[in-house]
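Here is the structure we will look at, set down as structure tokens.
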Amino acid sequence: MKKITTVCVLLLVCSVVLVSFTQMEIVKAQEKLSLTITPDGSVEPDTDLLERNGTTYTFKGDILGSIMVQTNNITIDGAGFTISQGGITLAGPDLSHRHCRYILVKNVRVCNSSIYTVGASNSTFVNNYFDNTSMQIQAFANITGNLIKHNIFKNSGIFVDYNRGGRDVITENNFFNGWIGVGLSVSPIVKKNYWSDYKGTDNDGDGIGDTPHVSQYKLDEDVLDNSPLMTPLDIEIPEFPSWLILPMFLIVAVVAVTFKKRLTQSSERF
């Protein structure tokens, strides 16, 4: 039993060193990328970090850099990985008209970056985590709005401009030191978001503040959330649990050592 315990401890130490070394090498080796999902759906330049399966593009690791989307009707699934020091731009297939449609962006962690939509319509951002990131939505007249729902904004915010046709809907998000700004004559639908700086009361106990939350960013236009939530929403962004590598490795090692010991004992009997 002592021998098994010793072997397990040594394997655990080795696995910690191995995983740590691997992670350091990945960070060290990663270069800043400028990826483009082209009008025909291909990814340029070729990378193992963004996998295409039909119309779904899934992160296979953290991306340092940016993604330009020049096609419509696709899903970008971050799978809990992070894009940083760049961001995502929805531009559409025709750069002269800049109309991007039916894009779903989900499960992406965006840090120190920007999200920029140009003429976007019928697109959805759901279950994303934005940290020190600005989202700018620019759409034109007679274009259907976009949905921004179940996201977490930390030291981040949204600026909506030019969307005088379809109205964007911003609802059921958590804003921790976050904001919403708008251009002149722009009025997105903002409702049922949580704001960390909201100081209102909830006298009837329905979970919604009795007075609106007022958000103002740079311009003089106030953005009202007439039904601010009193407590944060339970929004879970998937995250790759790299720490599971260690216990999994340990379990396999224990099973292997135990099996080998029993096999040796059986052979000695005969």
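Data overview
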| read-out | value |
| --- | --- |
| Number of positions in region 206-263 that are at pLDDT 70 or above and closer than 24 Å to THR82 by Cα | 8 |
| Checklist (1) surrounded by 11 or more Cβ atoms within 10 Å (Cβ to Cβ); (2) at pLDDT 95 or above applied to PRO45, failing item | (1) |
| Any hit, region 70-90, residues being modelled with pLDDT under 90 and open to solvent by 10 Å² or more (accessible area, probe 1.4 Å) | no |
| Which listed residue is open to solvent by 20 Å² or more (accessible area, probe 1.4 Å) and in contact with a Lys or Arg (Cβ under 7 Å, 6 or more places away or on another chain), from SER187, SER196 | SER187 |
| Residues within region 150-195 that are part of a loop (DSSP other than H, G, I, E, B) and aliphatic (A, V, I, L, M), tallied | 2 |
| Verdict on ASN132 being open to solvent by 10 Å² or more (accessible area, probe 1.4 Å), farther than 20 Å from ILE74 by Cα and touching a residue at least 24 places away in the same chain (Cβ under 8 Å) | yes |
| Complete set of residues in region 103-116 that are outside any loop (DSSP other than H, G, I, E, B) and in contact (Cβ under 8 Å) with a residue 60 or more places away in the chain | ARG109 |
| Looking only at region 45-102, and only at residues there that are of a type in the set (D, E, K, R) and part of a strand (DSSP E or B), the one that is nearest to ASP131 (Cα to Cα) | ASP77 |
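The values are calculated or read from the model by the stated rules, or taken from the named source; none is laboratory data. This one's a predicted model, so the numbers in the text were calculated from it and none came from an experiment. Don't worry about glycine lacking a Cβ; one is built from the backbone with ideal geometry, like all the others, and counts go over all protein chains shown. Accessible surface areas use protein heavy atoms only, side chains included; no ligands, DNA or RNA. Shrake-Rupley method; radii C 1.70, N 1.55, O 1.52, S 1.80 Å.
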